[in-house]
Amino acid sequence: MEPLGSFQILTTAVGHFLPVWIGLVLIMGASALFKRNLSLYGRLFDSPVGMIGLALVLFWVLTAIFADMVAPFDPLEQYRALKNKPPGMFETETGQAFLFGGDNLGRDVFSRMVHGSQTVMAIAPVATLFAFMVGITLGLPAGYYGGIFDTGLSFLANLVLAFPVILLFYLLVTPEIRSTAIPTTMAAVLFLIPIIFFIVFIYCRFSTRPDLMWKLLTPVILIGGFCYLHLINAWNPAGVWMDGNTLNIFVSVVFVNSPTVFRIVRGLTMDIKTRDYVAAAQTRGEGPWYIMMWEILPNARGPLIVDACLRIGYTTILLGTLGFFGLGVSPESSDWGMTINEGRKLLRLFPWAALPPALAIMTLVLGLNLLADGLREQSLKD
Amino acid sequence: MLGFFLRRFGVMVLTAMCLTLIVFSLVNLQPNLEKLAKEQNNMRMTDQQVTIWLQEEGFDRPLLTRYAEWAGNFVTGDLGDSTRFRKPVSEIVGERLYLTGKLMFWVMVVMVPSALLVGVLAGMREGSFQDRSLSTFAIATTATPEYVSGVVFTVIFSSKLVGLQWFSGSASKAMDGITFYNFTLPVMTMAIYGMGYIARMTRASMAEVMTAQYIRTARLKGVSFRSIVVKHALRNALIAPFTVIMLQFPWLLTGVVIVENLFNYKGFGWLLVEAAGNNDIELLLSCSVVAVAVVLITQLISDIGYVYLNPRIRVKS
């Protein structure tokens, strides 16, 4: 069959994304329709920049969800005949085209790009969430109490921040370190903090109403405990959920991000604790943790949400960097950073292998940054 | 003021000691040492032979003793020998740092003025079309990490497919002599990622200054807009970006590692990867010290510079 021309490649690629387009239209339409009832998220639809950002992010989220429907080929399947072939060539058996060409092992670049979004979506948001919980749980008391506790934690945070990121990754994400207890110990400590966060969060508000408190606490402890044992690989009835290297990367990313969150939360807490409503709560005789969790934290949410968007983007870049240096999730996977790393070796002869994942990273991070910008703009209007 | 410096300096030395201790313990993990033993002798050593070799070389002593010994040697200028290059570490590091210094210099020359220009132009009329388009441009550059822009630029400017072939996709010749042809892509790639952040900080600072009372006074006096921006606003608006530029150095370090590997420019970043990839303990330690020192010194300069530039901040002495 004749290879496809560039216009046909474009239309076919757009066609492959059909489930994504439908999802995008449904979500954006519904949100725009009910934007008056959706507070900050709804007001995002008043800012064009924020809307473009949201659309870009949603596009990749939906691509990750529908990856199997969007991608015409298996990302790992190799077709010898299409090795390093330019975009638009047909695979004879299936009759499908290699839309963005074939890579150096004869795999479909388009399908690999689509599947690569799953790795990012699985790690980046969750790692950022964990970093936020760690940062919040430590930053609130540091800012609220001050004193030696604050000095010590700030020193530790600055210590991690003074580490050049790339060096830290070269030291933490190595095959050798996996045979020691360091990653598991770090995981055991870091992942315990979110559970503590939720328990304290519920306890300090509902301790006067024990029946309600236990109703809320029981699922938290059960689900949290289950996930915790899973994460640190202490108990794995349903098979391996996260292999050693992924856990290692996950822990390192959380470890790198949490000091910055800590500093932001600490700063916000120090600012907010001088407000009148905090003084009112103190006069009412509320406990310090209640004030931190239910008075200060909700009022610090604006800057934190904005920072979370930026941070997910930054984490995406970090994961790409790791992949670029061959430290990524697993050597065979279709992770964007690793695909760029493989493709760059033959970049000047066969540029199509490295370009799609590169543009994918760029659009996703751009979307997150624009979203953060839109959110900031809208939250300042309050 | 002196007290402030001394305290900052003390904290810096303490931080440096903690960080080097962490790096030292991480590169001296047992699996790393076993790998080293096998690399230095032969790959099929028995566990017993490995243990004996480690004992003979003194690797089985307590970590803190060895750290103290290493630190002592380091301070007196003995950085040990590289197992990868079979040369004293001090020779290699100096040579590579010089090459990276050249790269950094050109990156700064390109990045700082363009970032400040974009920031000032965007911030002087907040909310205008000019502001919006320049801000979006700045956001777009922060969303483009080096390994993305490097790949895109190489395809556009040096591949046969596009056919421009203006610049070389490899900077290995730039180690002997820098030309426009072989050095543009690495410098451009690094400068673009870094400039967005500086530009946004400059914009924020400029926008804040433009709403200040003295600007309004100047405007009411009938001073022209151009003169307000250049004479009144600019000086005050550039204090904040100074800190940001200094704090940008640690970020550039990651960029250096990526760009040098992408464009095959054998500087400090390339050395770091070589050391880490080849389990070269002494070399990796020295590279880490350099990296940590760069971060801490730029932090110190940014703190001091901020106080010096901004007389409104008085230090309690």
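The values are calculated or read from the model by the stated rules, or taken from the named source; none is laboratory data. None of the values given here were measured: they were computed from a predicted structure. Every residue, glycine as well, gets a Cβ built from its backbone with ideal geometry; the counts of neighbours run over all protein chains shown.
Figures for the structure shown
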{"read-out": "Counted residues, the range B:140-187 - those being assigned to a loop (DSSP other than H, G, I, E, B) and either away from every other protein chain (no Cβ under 14 Å) or of a type in the set (A, V, I, L, M, F, W, C) (or both)", "value": "11"}
{"read-out": "Index of the failed condition, B:Thr15 passing every other in (1) away from chain A (no Cβ under 14 Å); (2) touching a residue at least 12 places away in the same chain (Cβ under 8 Å)", "value": "(1)"}
{"read-out": "Selected residue (criterion: nearest to the chain's Cα centre (by Cα)) from residues of the range B:80-116 that are surrounded by 15 or more Cβ atoms within 10 Å (Cβ to Cβ) and of a type in the set (Gly, Ala, Ser)", "value": "B:Ala115"}
{"read-out": "Residue check for B:Met210: touching a residue at least 40 places away in the same chain (Cβ under 8 Å), more than 14 Å from chain A (Cβ to nearest Cβ) and closer than 22 Å to A:Lys345 by Cβ", "value": "no"}
{"read-out": "Residue ID - surrounded by the fewest Cβ atoms within 10 Å (Cβ to Cβ), chosen from residues in the range B:265-279 that are closer than 20 Å to A:Ile340 by Cβ and at the interface with chain A (Cβ under 10 Å from one of its Cβ atoms)", "value": "B:Gly277"}
{"read-out": "Residue in the range B:195-211 that is touching a Leu at 6+ places or on another chain (Cβ under 6 Å) and in a helix (DSSP H, G or I) present", "value": "yes"}
{"read-out": "3 or more residues surrounded by 21 or more Cβ atoms within 10 Å (Cβ to Cβ) and within 14 Å of chain B (Cβ to nearest Cβ): qualifying helices (runs of 4 or more DSSP H) within the range A:241-351", "value": "A:244-272, A:301-324, A:336-344"}
{"read-out": "Qualifying residues in the range B:24-56 (those that are acidic (Asp, Glu) and loosely packed, with under 14 Cβ neighbours inside 10 Å) - the one farthest from the other protein chains (Cβ to nearest Cβ)", "value": "B:Glu56"}
{"read-out": "Answer residue from the range A:1-31, given it is among the aliphatic types (A, V, I, L, M) and surrounded by fewer than 14 Cβ atoms within 10 Å (Cβ to Cβ) and is nearest to A:Leu99 (Cα to Cα) among those", "value": "A:Leu10"}
{"read-out": "Conditions (1) within 14 Å of chain B (Cβ to nearest Cβ); (2) in a helix (DSSP H, G or I); number of the one not met by A:Pro141", "value": "(1)"}
{"read-out": "Residue in the range B:120-134 that is outside any helix (DSSP H, G or I), modelled with pLDDT of 80 or more and either within 13 Å of another protein chain (Cβ to nearest Cβ) or within 22 Å of B:Val259 (Cβ to Cβ) (or both) present", "value": "yes"}
{"read-out": "Flag if A:Arg80 is in contact (Cβ under 8 Å) with a residue 12 or more places away in the chain, in contact with a helix residue (DSSP H, G or I) (Cβ under 6 Å, 6 or more places away or on another chain) and of a type in the set (Lys, Arg)", "value": "no"}
{"read-out": "Residue list for the range A:309-353, filter: farther than 14 Å from A:Arg107 by Cβ and among the charged types (D, E, K, R)", "value": "A:Arg311, A:Arg344, A:Lys345, A:Arg348"}
{"read-out": "Unique match (being within 12 Å of chain A (Cβ to nearest Cβ) and closer than 25 Å to B:Met210 by Cα) among B:Leu284, B:Leu262, B:Leu296, B:Leu247", "value": "B:Leu247"}
{"read-out": "Selection status of A:Arg112, of a type in the set (Lys, Arg) and over 18 Å from A:Pro357 (Cα atoms)", "value": "no"}
{"read-out": "Of all residues in the range A:356-375 being in contact (Cβ under 8 Å) with a residue 60 or more places away in the chain and either farther than 30 Å from A:Gly42 by Cα or of a type in the set (D, E, K, R) (or both), the one that is farthest from the other protein chains (Cβ to nearest Cβ)", "value": "A:Pro356"}
{"read-out": "Matching helices (runs of 4 or more DSSP H) fully within the range A:36-93 where at least 1 residues are at pLDDT 85 or above", "value": "A:48-65, A:67-70"}
